[in-house]
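Let me begin by presenting the structure, written as structure tokens, before commenting on it.
What follows draws every value from the coordinates through simple rules; no lab data is involved. Only a predicted model underlies this, so the values are computations on that prediction, with no experimental measurement involved. Positions of Cβ are backbone-derived with ideal geometry, glycine not excepted, and every protein chain shown enters the neighbour counts.
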Amino acid sequence: MYEDILIPTDGSVGTGRATEHALELAGPDSTIHVLSVVDQRVYLAAGGDQQDAVIQSLRDDAIDAVEECAEECKGKCETTTAVREGVPHRVILEYADEHGIDVVVMGTHGRTGRDKLTSLGSVTERVVENAKRPVLVVHIDD
């Protein structure tokens, strides 16, 4: 059993699979941390007059994502949520360091080729490559 488990979520439909695995790793005294990152690269790429609307939409989506995931954990163990802004893989790793996370449980879509390029590469891949702790990767289908 792990004490502190991090589930990064972007609100994908398949995130529930990662949550199921995280709950299997959790004990009664565990805390599941649910984190969603507002990708600053997305809103910085928007035109100046659209940036405020884009960032608000991204924040709303991130809040919905963490609330939905936390709801799945309700009654099973303690849960805490956070929404941060930045480059997703960097923020995930920073959060894990700041909160003494024991294991990160995250999904991957398994994209390759053009799909991977259009999504700016794999956040999961970058977390795995740079993590100082175990990362459980769950294949999720949308």
**OP:** Would you grab the residues whose amide H sits under 5 Å from the one on THR81? Only those 5+ places off in sequence or on another chain, please, with H modelled 1.01 Å from N.
**Re:** VAL34
Original post:
Each residue of the range 76-84 in order: what ³J(HN,Hα) in whole Hz does its phi give by Karplus 6.51 cos²θ - 1.76 cosθ + 1.60, θ = phi - 60°, with x for Gly and Pro?
Top reply: 9, 6, 5, 9, 10, 10, 8, 10, 10
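Ranked by Cβ crowding within 10 angstrom, fewest neighbours first, how are VAL104, VAL135, VAL42, VAL127 ordered?
VAL42, VAL135, VAL127, VAL104
Counting only other residues whose beta carbon sits under 15 Å from that of TYR43, what net charge do I get with K and R as +1, D and E as -1?
Local net charge: -4.
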Subject >> Surrounding net charge for LYS132, when Lys and Arg each add one and Asp and Glu each subtract one, Cβ distance under 14 Å >> reply: -3
**OP:** Treat every Asp and Glu Cβ in the chain as -1 and every Lys and Arg Cβ as +1, leave all other atoms uncharged, and give the resulting dipole magnitude about the Cα centre to the nearest 20 debye.
**Re:** 540 debye
Original post:
Gaussian network model of the chain, Cα springs within a sub-10 Å range: biggest mean-square fluctuation belongs to which of GLY11, GLY107, GLY75?
Top reply: GLY75
Original post:
Relative contact order, percent, of the range 2-139 when contacts are C-alpha pairs under 8 Å separated by at least 6 residues?
Top reply: 32 percent
**OP:** Place a +1 charge on the Cβ of each Lys and Arg in the range 1-74 and a -1 charge on the Cβ of each Asp and Glu, then give the dipole magnitude about the Cα centre in debye, rounded to the nearest 20.
**Re:** 180 debye
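How would SER36, SER122, SER12 line up from fewest to most surrounding beta-carbon atoms within 10 angstrom?
On the way: SER36 28, SER122 18, SER12 15.
Fewest-to-most Cβ neighbours within 10 Å comes out as SER12, SER122, SER36.
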